[in-house]
Each structure stands twice: as structure tokens, then as C-alpha cells.
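Notes follow the structure.
The values are calculated or read from the model by the stated rules, or taken from the named source; none is laboratory data. These figures come from a predicted structure and were not determined experimentally. A quick note on method: Cβ atoms are made from the backbone with ideal geometry, for glycine too, and the neighbour counts reach across all protein chains shown. Side chains included, ligands, DNA and RNA excluded: accessible areas come from the protein's heavy atoms. Shrake-Rupley method; radii C 1.70, N 1.55, O 1.52, S 1.80 Å.
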Amino acid sequence: MESAIKTLVTTFISASKGKENMDTKSFQKMVSSQLSNTMQDTDSSSAIKEMQRGLDANNDGKVSFQEYLTLIGYLANSISQNKTGSPSEAS
Ligand SMILES: [Ca+2]
């Protein structure tokens with residue numbers, strides 16, 4: 001689990017090139033290269049932009065580490081639901 005957490009951190013740092021935020025281009029690249037097996041529509045830049053807007057809690061047009069963790073939490077939740085077969089409780 002520690003290695004998984006380290007991967008989450010290094011993936012963000014690598015995608016943001018060491019900055020505090022990923023810009024739209026970096027985010028798109030990260031999603032299409034890292035999450036294509038988990039997420040649908042990773043080939044669609046408009047779908048990724050839509051997702052980025054949903055994550056962008058402070059509306060600065062970039063994805064901070066905190067906002068990135070929101071995405072990870074969402075993905076972890078959906079994987080968990082797929083594995084346990086429980087219905088989605090997310091609204
Ligand atoms: Ca933001």
C-alpha cells in the first residue's frame with residue numbers, strides 16, 4: 001500500500017513537472033497515459049476537460065494535488081463498487 005501511495009504522489013509530480021498544479025495539457029496527458037484501463041473516454045479530450053472542470057474545486061483551471069486526490073478517491077470508490085457489486089451510492 002505504501003508503494004501505491006508513493007506512486008500516486010510521484011505520478012502527480014511527474015505529470016505536473018514538479019509544480020503545485022497540473023495544467024489542462026498535463027492533466028490530459030496523465031489521464032490518457034495512466035488511466036486508460038480504468039476510465040472510459042480517455043481518448044476524448046472534451047470528456048477529459050469536462051472531468052477536469054468537475055474536479056476543479058477552486059476554479060483556477062488547473063488540477064491541484066488535492067483535486068487530483070478527489071479523482072483518485074472517485075476511481076478507488078468505483079473500483080471498490082465493481083468488486084463488491086454494491087450499488088452506487090454516489091449522487
Ligand atoms: Ca484547481
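Show me the trypsin sites (Lys or Arg not before Pro) within the chain that DSSP assigns to loop and that have at most 14 other Cβ atoms within 10 Å of their Cβ. If you can, show how the numbers build up before the last one.
On the way: sites: Lys6, Lys17, Lys19, Lys25, Lys29, Lys49, Arg53, Lys62, Lys83; in loops: Lys17, Lys19, Lys62.
Of the trypsin sites (Lys or Arg not before Pro), the ones in loops of the chain whose Cβ has at most 14 other Cβ atoms within 10 Å are Lys17, Lys19.
Which aspartates and glutamates, if any, have their Cα less than 19 Å from the Cα of Lys29, not counting same-chain residues under 8 positions apart?
Correct list for Lys29: Glu20, Asp41, Asp43, Glu50, Asp56, Asp60, Glu67.
From the residues Gln40, Thr7, Leu75, which one has its Cα farthest along the dipole of the chain in the positive direction, the dipole being from +1 and -1 charges on Cβ of Lys/Arg and Asp/Glu about the Cα centre?
Looking along the dipole axis, the top candidate is Thr7.
Heavy atoms only, probe 1.4 Å: what % of the accessible area of segment 1-80 goes to carbon and sulfur, would you let me know?
Here carbon and sulfur together make up 51 percent of the probe-accessible area.
Binning at 10 angstrom from zero up to the longest distance, how are the C-alpha pair distances of the chain distributed in percent?
The percentages, shortest bin first, are 16, 49, 31, 4.
Roughly what would the spin-label model give for Val9 and Thr24, points 7 Å off Cα along C-beta, in nm?
Here the answer is 3.1 nm between the modelled labels.
Looking at this model, which pairs from Lys6/Lys49; Lys62/Lys83; Lys6/Lys62 are more than 24 angstrom apart at the alpha-carbon?
Lys6/Lys49; Lys62/Lys83
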